Amino acid sequence: MEPAILYVDDERPNLDLFRRSFDEDFRILTAATGPAAIDLFETGEEIGVLVSDQRMSPMTGIELLTRTEARWPTVTRVLLTAYSDRDLLLQAIQRGKVHDYVLKPWRIEDLALRLRAGMDTFKRHQTQARAVIERDLLRDEIRSREPSDIVGLDGGLAPMATILDRVAPTESTVMIRGESGTGKELVARELHRRSRRADHPFVRVNCAAFSEGVLESELFGHEAGAFTGAKQARLGRFEQAHKGTLFLDEIGDVSPAVQVRLLRVLQERELERVGGNRTVRVDIRVIAATHRDLEGMVRAGQFRQDLFFRLNVVPIEIPPLRARPGDLASLAAFFLDLFCRQLGKRLTLSPEALASLGRYDWPGNVRELRNAVERAAVLADGSPVLEPEDFAFDMRLAAPSAVASGPAAAAAGSVFEEIALAEVERIKDALRRAGGSKSRAARILGIPRTTLNDRLRRLDIT
């Protein structure tokens, strides 16, 4: 089917005249208002030329052409205007919002020439757009063969790598599950890097870092005057991620009120800013992540079931580091090389150091290992080889039974046990001072409550 010409005019006789004049040579669509014209575009109708009268209500012709230029840039835009609109017309042409104009009253022969030229321009732009798509497909194929920043895709993460390969080129919403420190953001960035949106923004928002009211403004933006201090309008993360990927980290920490608004955006791909009533459409891919038991939260009424289903289209589970011990040596070597280049040092890990790291269960996962290697590299005092004692200070979270075993580990085990026992006493003391309140004890210790809960469980403190 040939692309259509859409004529917009708020006077019915003009619409009828236009259709009678050109429907033998072109496929003609008409609309009586600017919003009605935009609705036709929204249906997916292929429109090659947009012809609009200037003086209309509630949206003028230039306003309509400006709106469509932002969303459908390949459409040829023609304005019908009186000579008295000359200044407005010149401004619109200079800003690139109008391709051509015809003075009223128009002659059929003259306007027909403009319409044919406009359709030729549209088809040329479409050909160029198809070339861009083919180029992007080739680029995606090349990218899919590039090495990943994720260590372990051919090891303990091989099952996850298979899912990554299949879902990355699609538009499907992805839910990444895993303990804190497993690398959920890294996986989200890898999905974006391999997607067709890779040339557009990757926008991350940590949903646990903001209160409910602030999170609404962060996600959906706000209009000027929406609340005290809102002196000017601000784009939210959804609009910032237009054409790209929005990564909603710690989605399990979102309040019920924000969950409702998120559901609408995921369903309709449209939103209203805080304090506004204008609908804004967004073209995004959503990736969410959490370390929480969302299914349990759904059963407890803490997380909307319909939102869960919207987000959990393709679940990806990242195993904890203790479940893939074969990757530890590669990860440690990767981080050591990274920090050696930053520090200008040459360091290696002794076999004993690697064995010592392997006996620890890494409750903080890859993030904790990275931090341990960084500290060891920074504090290395001249010896080119890192030994177990260079990492002993980082073993304070391990339960005595989980740290060392066997005669070969006896010496190191005694050190780790002593550190772990000291940590048990420190936590118990904080709990006593806090009267049993975990929140106050966490503040005394200077750690998040979630970290305290993890240590209580791992050190078997009741």
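The values are calculated or read from the model by the stated rules, or taken from the named source; none is laboratory data. The structure presented is a predicted model; accordingly, all values stated were derived computationally and were not measured. Every residue, glycine as well, gets a Cβ built from its backbone with ideal geometry; the counts of neighbours run over all protein chains shown. SASA here: full protein model, heavy atoms, side chains in, ligands and nucleic acids out. Shrake-Rupley method; radii C 1.70, N 1.55, O 1.52, S 1.80 Å.
Filtered by the rule that a residue be surrounded by fewer than 21 Cβ atoms within 10 Å (Cβ to Cβ) and not in a helix (DSSP H, G or I), the stretch 180-192 gives Ser180, Gly181. Selection over the stretch 423-444 of residues that are surrounded by fewer than 16 Cβ atoms within 10 Å (Cβ to Cβ) and at pLDDT below 85 gives a count of 3. Taking the conditions (1) of a type outside the set (A, V, I, L, M, F, W, C); (2) touching a Leu at 6+ places or on another chain (Cβ under 9 Å); (3) modelled with pLDDT under 85 in turn, Thr245 satisfies each one other than (3). Taking Pro58 as meeting all but one of (1) part of a helix (DSSP H, G or I); (2) open to solvent by 20 Å² or more (accessible area, probe 1.4 Å), write down the number of the exception. In the conditions (1) part of a helix (DSSP H, G or I); (2) open to solvent by 20 Å² or more (accessible area, probe 1.4 Å), Pro58 misses (1) alone.
Right, Asp337: over 30 Å from Thr170 (Cα atoms) and either at pLDDT 90 or above or surrounded by 20 or more Cβ atoms within 10 Å (Cβ to Cβ) (or both) or not? Answer is yes for this residue. Does Asp390 count as without any contact (Cβ under 8 Å) to a residue 24 or more places away in the chain and more than 29 Å from Glu250 (Cα to Cα)? Judged against the criteria, Asp390 is not a match.
All but one of (1) modelled with pLDDT of 90 or more; (2) within 38 Å of the chain's Cα centre (by Cα) hold for Glu63; state the number of the condition that does not hold. The number of the failed condition is (1). Among the residues of the stretch 140-148, are any at pLDDT 90 or above, farther than 30 Å from Val274 by Cβ, surrounded by fewer than 19 Cβ atoms within 10 Å (Cβ to Cβ) and of a type in the set (A, V, I, L, M, F, W, C)? No, the stretch 140-148 has no match at all. Looking only at residues in the stretch 151-178 that are modelled with pLDDT under 80 and touching a Gly at 6+ places or on another chain (Cβ under 9 Å), which one is nearest to Asp249 (Cα to Cα)? Within the stretch 151-178, the match that is nearest to Asp249 (Cα to Cα) is Gly152.
For Asp85, the criteria (1) more than 30 Å from His242 (Cα to Cα); (2) modelled with pLDDT of 90 or more; (3) open to solvent by less than 50 Å² (accessible area, probe 1.4 Å); (4) part of a helix (DSSP H, G or I) hold in every case but one, which is (2). Scanning the stretch 351-393 for residues that are more than 16 Å from Ala323 (Cα to Cα), crowded, with 17+ Cβ neighbours inside 10 Å and among the β-branched types (Val, Ile, Thr) gives a single hit, Val373.
Spot the failing condition for Asn277; the list is (1) open to solvent by 30 Å² or more (accessible area, probe 1.4 Å); (2) modelled with pLDDT of 90 or more, and only one is missed. Every condition holds for Asn277 apart from (2).
Checked against (1) within 14 Å of the chain's Cα centre (by Cα); (2) without any contact (Cβ under 8 Å) to a residue 40 or more places away in the chain; (3) within 25 Å of Gly301 (Cα to Cα), Gly213 meets all criteria but (1). Of the conditions (1) surrounded by fewer than 17 Cβ atoms within 10 Å (Cβ to Cβ); (2) under 18 Å from the mean Cα position of the chain (by Cα); (3) of a type in the set (Gly, Ala, Ser); (4) closer than 22 Å to His242 by Cα, Ser195 clears all except one; give me its number. Evaluating Ser195 over (1) surrounded by fewer than 17 Cβ atoms within 10 Å (Cβ to Cβ); (2) under 18 Å from the mean Cα position of the chain (by Cα); (3) of a type in the set (Gly, Ala, Ser); (4) closer than 22 Å to His242 by Cα leaves (1) as the failure.
If the condition is being outside any helix (DSSP H, G or I), surrounded by fewer than 19 Cβ atoms within 10 Å (Cβ to Cβ) and not charged (D, E, K, R), then the stretch 155-172 contributes Gly155, Pro169, Thr170, Ser172.
When the residues of the stretch 17-48 are filtered to those that are of a type in the set (Gly, Ala, Ser) and more than 19 Å from Glu63 (Cβ to Cβ), the one that is least open to solvent (accessible area, probe 1.4 Å) is Gly48. Of all the residues in the stretch 66-82, those that are in contact with a helix residue (DSSP H, G or I) (Cβ under 8 Å, 6 or more places away or on another chain), surrounded by 16 or more Cβ atoms within 10 Å (Cβ to Cβ) and either part of a helix (DSSP H, G or I) or modelled with pLDDT of 90 or more (or both) number 7.
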